[in-house]
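S.K.: Before I ask anything, here is the structure I am working with.
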Amino acid sequence: MSQPHPLTATAGRSKGQVADLHFMDARSKLLDLAAFLDRLERATGPEDHRVRGLRAALPLLLAAGDDRVAKILHLWSDPSSAPIEKADTKSASGVWPGIQ
Amino acid sequence: MRYIEPHGHMVSRTTDDYQAMAMAGCAAICEPAFWAGFDRKSADGFYDYFCQLTQHEPKRAAKFGLPHYCWLCINPKESEDMALAQDVLSLIPQFINSPTVLGIGEIGLNKNTRNEMKVLEQHIELAVKYDQLILVHTPHLEDKRKGTRLIMQVLKSHPKVRPERVIIDHVEEHTIAEVLDAGFWAGITLYPESKATPTRAVDMLENYAAQRVWLNSACDWGVSDPVAVPKAVVEMRRRGHTAKAIDSLVYGNPVRFLSQSPNFKDPQALLS
Ligand SMILES: [Zn+2]
């Protein structure tokens, strides 16, 4: 395992201090997410896998633990382990297309 | 404040960017070989690119007082074409002894294909043969976890690869622990949309300690921020981290890893 570093000294930080630093940023991002979902609601056609993945991640925000980001990134990851024969694209979409 | 930009694609950036980085405290820049945003048609394109990285770009950086180093390879996005990859791999030895070359990179995977894996293995052989450091690019988004694991399997199965001489870049919250636990260095890339933001990066640093981690902007021809590292420094200061801890992270750590290459000179030592 990696060794401790002076940067790890976060034990004394209160929830109030964290909110003072980051609440407005989180508030703004949550409203942006809500607006994105509203915009989708007003749009037509089937929902694509990226939005399916985003909706699947929402319950993880309310789950306990301090590893929500990792859990969401795992949820969106390609679960296979073998190299693929050939790629049909160079890019990635942000969510594994097979997600349910 | 002083910091090292260990991963910046400066051939795609303007002199304004060099100026901004120098003013923000940048002391040296390292430039991995990467995709140009389009596929090059022949090895000649790479020959010119390697000349640009080893000869021209250091002169451009020097105008801003910045030492410039580079890494050489054919990047994974162009590694699907095996014939081209072989031609480019055969070019690398004639550049490897240039005085500012740090190693082989950024190699790795993009879509986790068989051809990408073969070219990755050949690059690792080249690095071992010429006793070079290795800088690894991990895939984007949903391909990252699988690609990071495949890359680590290849690296760990090579008897002559020493993990402390390899940095695995673009780690995120779901890959950083595996990389550090395997003994490799980990790079956290600060991007406006993908990869990590300064706040998430500092969370990771607080959670996983900072002994074998560096921060980089990976600024290139796309949406990216050449002064992302100093912005993360501001975030660390806001959270009350000491100047000493910050310096050991954004200056000390890159110097510690890069000094394993005889070509890298601690910028502080160059000044005194
Ligand atoms: Zn890069």
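S.K.: To the nearest whole number, what is the average tally of beta carbon atoms from other chains within 10 Å of the beta carbons of peptide B:170-180?
M.R.: Details: counts 0, 0, 3, 8, 10, 4, 2, 4, 0, 0, 2.
Per residue, the number of nearby Cβ atoms from other chains is 3 on average.
S.K.: Can you bin segment B:110-202 into rounded, prolate or oblate? Criterion: square roots of the alpha carbon gyration tensor eigenvalues sorted a ≥ b ≥ c, rounded for a/c under 1.5, prolate for a/b above b/c, oblate for the rest.
M.R.: In terms of gyration-tensor shape, prolate.
S.K.: Taking only protein heavy atoms into account and a 1.4 Å probe, give the accessible area per residue of chain B in Å². Before the final figure, lay out each step's value.
M.R.: On the way: 9860 Å² over 272 residues.
Value returned for chain B: 36 Å² of accessible area per residue.
S.K.: Moving to a separate point now. Does chain A come out rounded, prolate or oblate by the C-alpha gyration tensor, with a ≥ b ≥ c the root eigenvalues, rounded set by a/c under 1.5 and, if not, prolate when a/b is larger than b/c and oblate if not?
M.R.: oblate
S.K.: Follow-up. Compute, for segment B:76-119, the length of the dipole vector about the Cα centre, with Cβ point charges of +1 (Lys, Arg) and -1 (Asp, Glu) only. Units Debye, rounded to 20. Walk me through the numbers before you get to the answer.
M.R.: Values: 4 positive and 6 negative charges, 27 e Å.
Dipole size: approximately 120 debye.
S.K.: What does the average come to when, for each residue of peptide A:69-75, you count the partner chain Cβ atoms lying within 10 Å of its Cβ? Please report the intermediate quantities before stating the final value.
M.R.: Values: counts 7, 8, 2, 2, 8, 4, 2.
Across A:69-75, the average partner-chain Cβ count within 10 Å equals 5.
S.K.: Which net charge results for the neighbourhood of B:GLY183, defined as the other residues with beta-carbon distances under 14 angstrom from its beta-carbon, given Lys and Arg at +1 and Asp and Glu at -1?
M.R.: My count for the surroundings of B:GLY183 gives +1.
S.K.: Beta carbons within 10 angstrom, averaged per residue: use that to sort the peptides B:36-44, B:148-156, highest first.
M.R.: Per-residue Cβ counts within 10 Å, averaged per peptide and sorted highest first, yield B:148-156, B:36-44.
S.K.: Across peptide B:142-153, how many C-beta atoms of other chains are within 10 Å of each residue C-beta, on average?
M.R.: The mean count of partner-chain Cβ atoms within 10 Å per residue comes to 5.
S.K.: Using only alpha carbon pairs under 8 Å that are at least six residues apart, calculate the relative contact order of chain A and give it in whole percent.
M.R.: The normalised contact order for chain A reaches 32 percent.
S.K.: Taking the dipole about the Cα centre of the protein assembly as shown, with the C-beta of Lys and Arg at +1 and of Asp and Glu at -1, give me whichever of B:PRO226, B:ALA127, B:GLY240 is farthest to the positive side.
M.R.: B:GLY240
S.K.: Using the Cα centre of segment B:174-272 as origin and beta-carbon charges of +1 (Lys, Arg) and -1 (Asp, Glu), tell me which of B:ALA177, B:PRO192, B:PHE264 is placed farthest towards the positive end of the dipole.
M.R.: B:PHE264
S.K.: Based on Cα coordinates alone, diagonalise the gyration tensor for the protein assembly as shown, multiply each eigenvalue by 5, take square roots, and list the semi-axes in whole Å, largest first.
M.R.: 32, 27, 20
S.K.: Tell me the relative contact order for segment B:3-271 as a rounded percent, counting alpha carbon contacts under 8 Å between residues six or more apart. Please report the intermediate quantities before stating the final value.
M.R.: Working: 474 pairs, mean separation 52.0, N = 269.
Reported as a whole number, the value is 19 percent.
S.K.: Next question. Could you tell me which of rounded, prolate or oblate describes segment B:18-135, using a ≥ b ≥ c as the square roots of the eigenvalues of the alpha-carbon gyration tensor, with rounded for a/c under 1.5 and, failing that, prolate when a/b is larger than b/c and oblate otherwise?
M.R.: Values: a/c = 1.91, a/b = 1.79, b/c = 1.07.
Because a/c hits 1.5 or more and a/b exceeds b/c, segment B:18-135 counts as prolate.
S.K.: Taking the inverse of the average 1/r across all pairs of different Cα atoms in chain B, what Kirkwood radius in Å do you get?
M.R.: It works out to 18.4 Å.
S.K.: Could you order B:TRP185, B:TRP35, A:TRP76, B:TRP221 so the one with the most accessible surface comes first? Probe is 1.4 Å. Write down the numbers at each step before the final one.
M.R.: On the way: B:TRP185 10, B:TRP35 35, A:TRP76 60, B:TRP221 125 Å².
Largest accessible area first, the residues go B:TRP221, A:TRP76, B:TRP35, B:TRP185.
S.K.: Give the long-range amide H neighbours of B:THR113: residues separated by 5 or more places, or on another chain, with amide H under 5 Å away, using H modelled in the peptide plane at 1.01 Å from N.
M.R.: Answer set, sorted by chain and number: A:ILE84.
S.K.: Would you list B:HIS174, A:HIS22 from the most to the least accessible area, probe 1.4 Å?
M.R.: Most to least solvent-accessible, the answer reads A:HIS22, B:HIS174.
S.K.: Okay, moving on. Indicate, rounded to the nearest 5 percent, the antiparallel portion of the DSSP beta bridges found entirely in the protein assembly as shown.
M.R.: Counting only bridges with both partners in the protein assembly as shown, antiparallel ones make up about 0 percent.
S.K.: In debye to the nearest 20, how big a dipole does the protein assembly as shown give about its Cα centre with +1 on each Lys and Arg Cβ and -1 on each Asp and Glu Cβ?
M.R.: 700
S.K.: Can you tell me which of B:CYS70, B:CYS26, B:CYS51 moves the most in a GNM of chain B? Springs connect C-alpha atoms under 10 Å apart.
M.R.: In the Gaussian network model the winner is B:CYS51.
S.K.: Below 12 angstrom from the Cβ of B:TYR49, what's the summed charge of the other residues (Lys, Arg +1; Asp, Glu -1)?
M.R.: Around B:TYR49, the charge tally is -4.
S.K.: In Å² (nearest 100), what accessible area is buried between B and A, both sides summed, heavy protein atoms only, 1.4 Å probe?
M.R.: By this definition, chains B and A bury close to 3500 Å².
S.K.: Could you work out the local net charge near B:GLU172, counting Lys and Arg as +1, Asp and Glu as -1, over the other residues with Cβ closer than 10 Å to its Cβ? Display every interim value, and only then the final one.
M.R.: Numbers: positive: B:LYS144, B:ARG145, B:LYS195, B:ARG200; negative: B:GLU173.
Result for the neighbourhood of B:GLU172: +3.
S.K.: Right, another one. At a 1.4 Å probe, what is the % contribution of carbon and sulfur to the accessible area of the protein assembly as shown?
M.R.: Details: 9570 of 17020 Å².
Here it works out to 56 percent.
S.K.: What does the helix-only formula give at 222 nm for chain B: each DSSP H stretch with n ≥ 4 adding -39500 (n - 2.57), the total divided by the residues, and the result rounded to the nearest 500 deg cm²/dmol?
M.R.: That calculation yields -11500 deg cm²/dmol at 222 nm.
S.K.: Would you grab the residues whose amide H sits under 5 Å from the one on B:LYS195? Only those 5+ places off in sequence or on another chain, please, with H modelled 1.01 Å from N.
M.R.: Sorted by chain and number, the residues that satisfy this are B:LEU141.
S.K.: Which residue, chosen from B:TYR251, A:VAL18, B:CYS26, occupies the Cα position most advanced towards the positive end of the dipole of the protein assembly as shown, where the dipole is computed from +1 (Lys, Arg) and -1 (Asp, Glu) charges on Cβ about the Cα centre?
M.R.: Of B:TYR251, A:VAL18, B:CYS26, it is A:VAL18.
S.K.: Under a GNM of chain B (C-alpha, springs under 10 Å), which listed residue has the highest mean-square fluctuation: B:LEU133, B:LEU141, B:LEU53?
M.R.: Of the options given, B:LEU141 has the highest mean-square fluctuation.
S.K.: How high is the relative contact order of segment B:1-155, in percent, with contacts defined as C-alpha pairs under 8 Å that are six or more residues apart?
M.R.: The normalised contact order for segment B:1-155 reaches 20 percent.
The values are calculated or read from the model by the stated rules, or taken from the named source; none is laboratory data. Keep in mind that what you see is a predicted model, and the values were worked out from it rather than measured. As a convention, Cβ positions derive from the backbone with ideal geometry for all residues, glycine included, and neighbour counts pool all protein chains shown. Ligands, DNA and RNA are excluded from the accessible area calculation, which covers all protein heavy atoms including side chains. Shrake-Rupley method; radii C 1.70, N 1.55, O 1.52, S 1.80 Å.
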